[in-house]
Each structure stands twice: as structure tokens, then as C-alpha cells.
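Trainee: Before I ask anything, let me first share the structure, which is written out below as C-alpha cells.
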């Protein structure tokens, strides 16, 4: 009887633990029209994150974002403007997962045509100025259009690596 009682108690623990963890994943606070600005060592904006709504979860220090808009500053003359349908912040904001359709623009103060990148399900590490996706990527600029599957980008170095099935259409420049 003791062995049966012990076995029943042991087999019930994982289910009760799982229910407890699900109950703990409730928002501890939320904000509408959320805005976060992170500064660099010189006191200038390093990145800004906006969202229509943000719900924070204390049990894993994550947050869900409605219509996130992330701006990652390369320097005073250039930034990356990244928008998505929804998203999540993980590890206290060290990682931002942008979900659904993602639009990325490289904006410069020189007035040059913006580099446009369209993809889905993008992982961004704003402090490291890094982003990546395994999804289809479409890049458009003044010279043409490039498509690929998968991308890794170092925003501070302006380096974009396309991972596979890269195809490009380029229009000749008139002089």
C-alpha cells in the first residue's frame, strides 16, 4: 500500500508542476503605447523599441509585443527601422523575436534611397546590433532586387549574409 501511494504521488507531481508553471505565466503588468530607449556609453540612443501594447511576464522575464517597431542606431547618420506584426522580448530585452511579416529599412541622413528588406520571424539582438532569420528574404534597393532563404546581418558593419538559394535581378545604371 505504501509503495502504491508513493507511486501515485510521484506520477501526479509532473502534471501539478506543469499546471503551476502555466498559472505562473500570467502578466504581472502591461503597458499601452510602450516605448523603451536604450542609451550607448556616450549617452546617445543605441536602440528604441515601441509597441502598441506590451505584456510582461515575471516568471521568465519575457514580454509580448503588439505591432513592435524597433530602431537600431548604427551611428548618428544611420539607423535600421524594423517593424513587425507581433513580437516577444526575451532575457530582459537582450533578444527580440519579431513575428509575422517583418519590414526592415536602412535609413541614412544622406537622402540615399533606403535599403528595404522583407522577411518573417526575425530574431534581433539590439545591443549586439545583430539580426537573423531562416525565412525567405527579399531585398530591394536602387540597383535591383535580391531574394534568398535565410539571412544573418551585422548592422554595425552593414554586412548582410544571405544563406541559401540567392537570386538577384539588377537593373543597369544609366550614366
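Trainee: What are the residue pairs meeting all of these: first residue in segment 69-86, first residue under 10 Å from residue 49 (Cα atoms), second residue not in a strand (DSSP E or B), Cβ atoms under 7 Å, and 6 or more apart or on different chains?
Mentor: 70/126; 72/126; 72/129; 72/155
Trainee: Any idea which of 83, 74 is surrounded by 16 or more Cβ atoms within 10 Å (Cβ to Cβ) and at pLDDT below 90?
Mentor: Just a single option satisfies the conditions, and that option is 74.
Trainee: OK, next. Has segment 28-38 got at least one residue that is touching a helix residue (DSSP H, G or I) at 6+ places or on another chain (Cβ under 9 Å), on the phi < 0 side of the Ramachandran plot, modelled with pLDDT under 90 and surrounded by 10 or more Cβ atoms within 10 Å (Cβ to Cβ)?
Mentor: yes
Trainee: Out of all the residues in segment 54-77, which are assigned to a strand (DSSP E or B) and closer than 15 Å to residue 126 by Cα?
Mentor: If the condition is that a residue be assigned to a strand (DSSP E or B) and closer than 15 Å to residue 126 by Cα, then 69, 70, 71, 72, 73, 74, 75 are the ones that fit.
Trainee: Could you tell me whether any residue of segment 89-104 is closer than 18 Å to residue 167 by Cα, within 17 Å of the chain's Cα centre (by Cα), at pLDDT 90 or above and surrounded by 18 or more Cβ atoms within 10 Å (Cβ to Cβ)?
Mentor: No; the residues of segment 89-104 include none that is closer than 18 Å to residue 167 by Cα, within 17 Å of the chain's Cα centre (by Cα), at pLDDT 90 or above and surrounded by 18 or more Cβ atoms within 10 Å (Cβ to Cβ).
Trainee: Among the listed residues 58, 66, 46, 51, which satisfies the condition of being touching a residue at least 40 places away in the same chain (Cβ under 8 Å) and over 11 Å from the mean Cα position of the chain (by Cα)?
Mentor: It is 46.
Trainee: Same structure again: Of everything in segment 117-149, what is surrounded by fewer than 16 Cβ atoms within 10 Å (Cβ to Cβ), outside any strand (DSSP E or B) and either at pLDDT below 90 or in contact with a helix residue (DSSP H, G or I) (Cβ under 8 Å, 6 or more places away or on another chain) (or both)? Give them in sequence order.
Mentor: 142, 143
The values are calculated or read from the model by the stated rules, or taken from the named source; none is laboratory data. Note that the coordinates shown come from a computational prediction; the quantities given were computed from them, not determined experimentally. Note that we place each Cβ from the backbone using ideal geometry, even for glycine, and neighbour counts take in every protein chain shown.
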